[in-house]
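Since the structure comes first, as structure tokens, the remarks are kept for the end.
The values are calculated or read from the model by the stated rules, or taken from the named source; none is laboratory data. Predicted model, so just to flag it, every value in this text is computed and none were measured. Glycine also receives a Cβ, built like all others from the backbone with ideal geometry; neighbour counts cover every protein chain displayed.
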Amino acid sequence: MEEKYLELRAFLYEREDQLSVTFKHDMLEGLWFCTRRNVKRILKQLESEGYFQYMPGKGRGHYSVLTFHQPFRVEVEHYVNKCVQTNNLDQLAFILRLPIPKTWIIDVSADFQKLLGFKRSEESKDILYTFKSREITSLDPSLSAIALEVHLIKQLGDTLVHYDTEQNRIVPHLAHHFHVDQSGLNYTFYLRKNIYFHNMEKLSSADVVYTIHRLQESKRYSWLVDSIMEVKAESPFKVSFHLQKKNAFFLQMLSTPTLVILPETNLFNEYEWIGSGPFMLKERTRTKLVLQAFEHYFKERALIDEVHFHTISKAAENSMYLQHIPEQISQPEEYSVHDMCVVSLLFNQQSNSLLQNTFLREAIYHLLDVSKLAADLSFDVKEASTFSELRSTPIVKQKQVIPDLLGRSTYCGEELKVGYLNNELTQREALWLRKEAQEFGINLVLNPIAHEHFYEPTIMRAVDLLFIKVVFSADWHLSFLSMFKNEQLFFLPFLQEKEKNKLHHMINIFEESTSYQVREQTIIDIELFLKEGSHIVFLYHPVIKRKLDPIIQNASHHSYGHLDFSKLWLS
């Protein structure tokens, strides 16, 4: 009941005055997800346990009153001290999920920090305790499209081949060898023997066939396997693919986390994830996820034994970093992660005819002055003019042309719905854009979208403008292709048919070419097409900053600042 009490106190804290608060019972139905009758029952039980004095409101519409015994901050400090003394990270993470005042976060997180970082348990296990500011969405390889979730899938599963970033080539992984015939249509893979899944079943060619068939039924990623006419288990450790036509990206596609091999004998379950990766899923709840090193991994075992993720508030996350042990406090090192990533604004020309007018799109383009956005919001970013940070240069926007462009458009103050991922950073961007737009009579209505709903088809009808962040993998060309092949990323679905067909033609040229130079030039041509038609507004390339205790070694990154846990060790 203590957690129910703390939830209640945090929920009503802004209404509190001199240790008393007035409320109506229906306010608490959503907090505790129960009926009004159960709300009253919980309040009476909390009163009987000495948490407060409860005076129910008499008569319909009258407020009830709670009188507390001591200030909420004192109670939070008491709760935190108890958690630290008992090393109860689960309960401590709970308090940091509550909407407590930000001024308290620093003090609370100082104690929380003592339980974070690397620890050695009584069983001599090396455990990393870390945190995240949102709940994990889907870990299904056929569905996941968010960087953290894809990163976790890479820790849990393995693919037939790997993409070698340093040498820009494909190397064997679950397959120890592969062969392509002269026609370029037939691929044969020879699997390593004695590779075990986390349930200790051996991996075989039947599992490869199952994984391909499963992905072919996926709405989001079936394009990765569309070129496969047949996949066949020739023997327990030999699998063949026959393609409908040559596919210059085929091997690269097989190296993506989407194609981690899953066991045929187990129906996929997100909460009992079975793969062959360096970590296995030990525990997963709504607010906690635990990875455990897989002792029978076919390559080098992970040097760390477990990784624990706890969900806390964004304010709390911003005040902490991965640290070793509190008795040896060392100054955290801040470093920047320059991943291939771009934030853009897209126009939904399919669902909103107003945005089919080039002049309106151009007006919004000039409205988005990234240098002013970065200065106003104190963002550390690099302005984008292309998908690639290496080729991007600053752009001078001309706000003085906006009134003329709006006058030449058909826009007359209609509502335009702005969609964005529901997090603190993007919300600030959306609020900034709405304020800038008001100056010119552009009526923007904000529509925050939860992570788990961001890639749903309903977004097509729910938004007119969309902030979208694309994180590119080390395989830059395959990631670029994915932007347009995966129609749930909206780059193609938002366009009118004529422009969509032209872009399809350019993407086909890119996909069919085996020349790196031709592909790069095609990317430049596509960027030019999108910019000249005002179909996209490139905004910026984020500079991701992380803090890390210097005692943590070999902190390499997979994507967007996420650590490769299988390589970490403690000096």
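Out of (1) modelled with pLDDT of 95 or more; (2) over 24 Å from Asp564 (Cα atoms); (3) not in a helix (DSSP H, G or I), what's the single condition that is false for Thr211?
(3)
Output the residues belonging to segment 423-441 that are loosely packed, with under 13 Cβ neighbours inside 10 Å, part of a helix (DSSP H, G or I) and not acidic (Asp, Glu). Explain how you work it out, then say what you get.
First pass over segment 423-441, keeping only residues loosely packed, with under 13 Cβ neighbours inside 10 Å: 424, 435, 438-439, 441.
Of the ones still in play, those that are also part of a helix (DSSP H, G or I) are 424, 435, 438.
If the condition is that a residue be loosely packed, with under 13 Cβ neighbours inside 10 Å, part of a helix (DSSP H, G or I) and not acidic (Asp, Glu), then Lys435, Gln438 are the ones that fit.
Of everything in segment 506-529 that's without any contact (Cβ under 8 Å) to a residue 12 or more places away in the chain and not hydroxyl-bearing (Ser, Thr, Tyr), which residue is surrounded by the fewest Cβ atoms within 10 Å (Cβ to Cβ)?
Ranking the qualifying residues of segment 506-529, first place goes to Gln517.
Find the residue count for segment 288-309, including only residues that are within 25 Å of the chain's Cα centre (by Cα) and modelled with pLDDT of 90 or more.
Taking segment 288-309 first, the residues within 25 Å of the chain's Cα centre (by Cα) are 288-294, 302, 304-309.
Narrowing further to those that are modelled with pLDDT of 90 or more: 289-294.
Of the residues in segment 288-309, 6 are within 25 Å of the chain's Cα centre (by Cα) and modelled with pLDDT of 90 or more.
Cβ-Cβ below 6 Å, separation at least six or inter-chain, first residue in segment 433-462 and assigned by TED's automatic domain parsing to the domain that holds Ser353, second basic (Lys, Arg): which pairs?
Every condition considered, the pairs that remain are Leu444/Arg434; Val445/Lys417; Asn447/Lys417.
Are any residues in segment 398-421 surrounded by fewer than 17 Cβ atoms within 10 Å (Cβ to Cβ) and on the phi < 0 side of the Ramachandran plot, and if so, which ones? Full working, then the answer.
Initial filter on segment 398-421 (surrounded by fewer than 17 Cβ atoms within 10 Å (Cβ to Cβ)): 398-401, 403-404, 407-408, 410, 412-415.
Matches in segment 398-421: Gln398, Lys399, Gln400, Val401, Pro403, Asp404, Gly407, Arg408, Thr410, Cys412, Glu414, Glu415.
Mind checking which pairs have a first residue in segment 15-42 that is closer than 24 Å to Arg73 by Cα and aliphatic (A, V, I, L, M) and a second that is in a loop (DSSP other than H, G, I, E, B) and modelled with pLDDT of 90 or more, Cβ under 9 Å, 6 or more apart or different chains?
These pairs meet every condition: Leu19/His69; Leu19/Gln70; Leu19/Pro71.
Is it true that Gln45 is out of contact with any Pro (no Cβ under 7 Å at 6 or more places or on another chain), modelled with pLDDT of 85 or more and not in a helix (DSSP H, G or I)? Reasoning before the result, please.
Numbers: out of contact with any Pro (no Cβ under 7 Å at 6 or more places or on another chain): yes; modelled with pLDDT of 85 or more: yes; not in a helix (DSSP H, G or I): no.
No: the conditions fail for Gln45.
Conditions first: (1) within 18 Å of Trp104 (Cα to Cα); (2) exposed (fewer than 12 other Cβ atoms within 10 Å of the Cβ). Arg37 passes all but one, so which condition is the exception?
(1)
Among the residues of segment 485-509, write down those that are among the hydrophobic types (A, V, I, L, M, F, W, C), closer than 15 Å to Trp223 by Cα and modelled with pLDDT of 90 or more.
Within segment 485-509, Ile507 is the sole residue that qualifies.
Do we have Lys82 as touching a Pro at 6+ places or on another chain (Cβ under 9 Å), part of a helix (DSSP H, G or I) and of a type outside the set (Phe, Trp, Tyr) here? Steps first, answer last, please.
On the way: touching a Pro at 6+ places or on another chain (Cβ under 9 Å): no; part of a helix (DSSP H, G or I): yes; of a type outside the set (Phe, Trp, Tyr): yes.
So Lys82 fails the test.
Does Tyr560 fit the bill of being modelled with pLDDT under 90, among the hydroxyl-bearing types (Ser, Thr, Tyr), farther than 26 Å from Leu390 by Cβ and in contact with a helix residue (DSSP H, G or I) (Cβ under 8 Å, 6 or more places away or on another chain)?
So Tyr560 fails the test.
What helices (runs of 4 or more DSSP H), lying completely within segment 336-422, carry at least 2 residues that are in the same structural domain as Phe454 (by TED's automatic domain parsing) and over 18 Å from Ser534 (Cα atoms)?
Working: elements: 358-367, 370-377, 402-408.
Once the helices (runs of 4 or more DSSP H) in segment 336-422 are filtered for at least 2 residues that are in the same structural domain as Phe454 (by TED's automatic domain parsing) and over 18 Å from Ser534 (Cα atoms), what remains is 370-377.
Step by step: first the residues of segment 146-185, then only those that are crowded, with 20+ Cβ neighbours inside 10 Å and hydroxyl-bearing (Ser, Thr, Tyr), then the one that is nearest to Leu289 (Cα to Cα). Which residue is that?
If we take residues in segment 146-185 being crowded, with 20+ Cβ neighbours inside 10 Å and hydroxyl-bearing (Ser, Thr, Tyr), then Thr159 is nearest to Leu289 (Cα to Cα).
For segment 491-505, how many residues are buried (at least 17 other Cβ atoms within 10 Å of the Cβ) and closer than 21 Å to Met253 by Cβ?
Selection size over segment 491-505: 3.
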